[in-house]
């Protein structure tokens, strides 16, 4: 996957192996449907934003979530802003960048932005759903 080669800069390889790229509205529909079987998280990232890069690093540095418990998607906001807009419309979560959204049973059950994004915060939210 070329995405991983271009995007991976972390020492923690586990999260980079778990990233799935979100790049179509059809795929978003499938992700929302899949959330009825297993929770799904989407990380919305602006590749030109230092805060977004920091949030990505915080996720990677603390990552300990199994793919058995969560599917994790990466959305490049610069390349796919219409998908981000659809996420906001469909899930009722105001667009932010960076942002991580946890989806369960077709609904956003958790959202964090900017400096609040971390693997620990996502893990805590996941334990509550």
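The values are calculated or read from the model by the stated rules, or taken from the named source; none is laboratory data. Remember, predicted model here, so these are calculated numbers, not experimental data. Please note: Cβ atoms are built from the backbone with ideal geometry, for glycine as well, and neighbour counts cover all protein chains shown.
For the stretch 1-44, the candidate set comprises residues that are touching a strand residue (DSSP E or B) at 6+ places or on another chain (Cβ under 8 Å), in a helix (DSSP H, G or I) and at pLDDT 95 or above; within that set, the residue that is nearest to residue 90 (Cα to Cα) is 32.
Out of the residues in the stretch 75-93 that are under 15 Å from residue 48 (Cβ atoms) and buried (at least 16 other Cβ atoms within 10 Å of the Cβ), which is farthest from the chain's Cα centre (by Cα)? Among residues in the stretch 75-93 that are under 15 Å from residue 48 (Cβ atoms) and buried (at least 16 other Cβ atoms within 10 Å of the Cβ), the one farthest from the chain's Cα centre (by Cα) is 80.
Among the residues of the stretch 45-91, the ones that are assigned to a loop (DSSP other than H, G, I, E, B) and modelled with pLDDT under 85 come to 7 in all.
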